[in-house]
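Accompanying notes for the structure given below.
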Amino acid sequence: MSDTRSGRVPRHYWVVGLVGLLWNSYGPFDYTMTQTGGDAYLRGVGMTDPQIAYLHAMPVWMTGVWAVGVWGALLGSILLLARKRLAFPVFVASLAAFLVSLIYQYGLSNGAAVMGDTAWIMNAVILAGCVFLVWYSRMMAKRGFLR
């Protein structure tokens, strides 16, 4: 297909980069709308009153962790498409922030009970995506496709 000697990256690289960018664009949108759109936005995406109250009760540090996670994922995707080695540590920071949010949701608060049974499915999908992008960016850096 292609290799580092020719300077061309494999086609899957661009597919992963574009899908990652699209996937990771939703998090910052949701974060921004949650911060600025208020309860109307939250009800519009199907959240219940107890779920909205849970989000409002989230400590400031957790809001910061959430921001690092979603904006880091978007930045990592942009860096991946720009073929920058910095994509890997940015994806690692985003994954770490997501893991902290899981610890908060499932261990430090009643988030699991409030958010319902389907929340763990979405969290598992997000975790898989985060782990994949960390692995993929590391692999592409090792193969010399990231500068």
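No lab work stands behind these numbers, since they all come straight from the coordinates. Remember, predicted model here, so these are calculated numbers, not experimental data.
Can you give me the angle between helix 119-142 and the longest principal axis of the chain, using Cα atoms only, in degrees from 0 to 90, rounded to the nearest 10?
20 degrees
Which whole-Hz ³J(HN,Hα) couplings does the stretch 57-62 yield from phi under the Karplus relation 6.51 cos²θ - 1.76 cosθ + 1.60, θ = phi - 60°, glycine and proline marked x?
With the stated coefficients, the stretch 57-62 comes to 7, 4, x, 4, 4, 6 Hz.
How far is the Cα center of the stretch 104-147 from the Cα center of the stretch 12-48, in Å?
One Cα centre to the other: 15 Å.
Using Cα pairs closer than 8 Å and at least 6 residues apart in sequence, work out the relative contact order for the stretch 1-105, in percent.
Numbers: 77 pairs, mean separation 29.2, N = 105.
Across the stretch 1-105, relative contact order equals 28 percent.
What does the helix-only formula give at 222 nm for the chain: each DSSP H stretch with n ≥ 4 adding -39500 (n - 2.57), the total divided by the residues, and the result rounded to the nearest 500 deg cm²/dmol?
-25500 deg cm²/dmol
How big is Rg to Rh over the chain, alpha-carbon atoms, Rh as the Kirkwood inverse-mean-distance radius? Please report the intermediate quantities before stating the final value.
Numbers: Rg = 17.1 Å, Rh = 16.4 Å.
Looking at the chain, the ratio lands at 1.05.
Springs between alpha-carbon atoms under 10 Å, Gaussian network over the chain: tell me which of Gly129, Gly44, Gly107 tops the mean-square fluctuations.
Among Gly129, Gly44, Gly107, the largest mean-square fluctuation in the Gaussian network model of the chain belongs to Gly44.
Pick from Asn110, Asn123, Asn24: which is most flexible by mean-square fluctuation in a GNM of the chain where alpha carbon atoms under 10 Å apart are linked?
It is Asn110.
I'd like the Karplus ³J(HN,Hα) series for the stretch 37-45: coefficients 6.51, -1.76, 1.60, θ = phi - 60°, whole numbers in Hz, and an x wherever there's a Gly or Pro.
Once rounded to whole Hz, the list reads x, x, 4, 4, 5, 4, 5, x, 9.
Compute a Gaussian network model of the chain, connecting alpha carbons closer than 10 Å, and tell me which residue from Val125, Val92, Val45 fluctuates the most.
Val45
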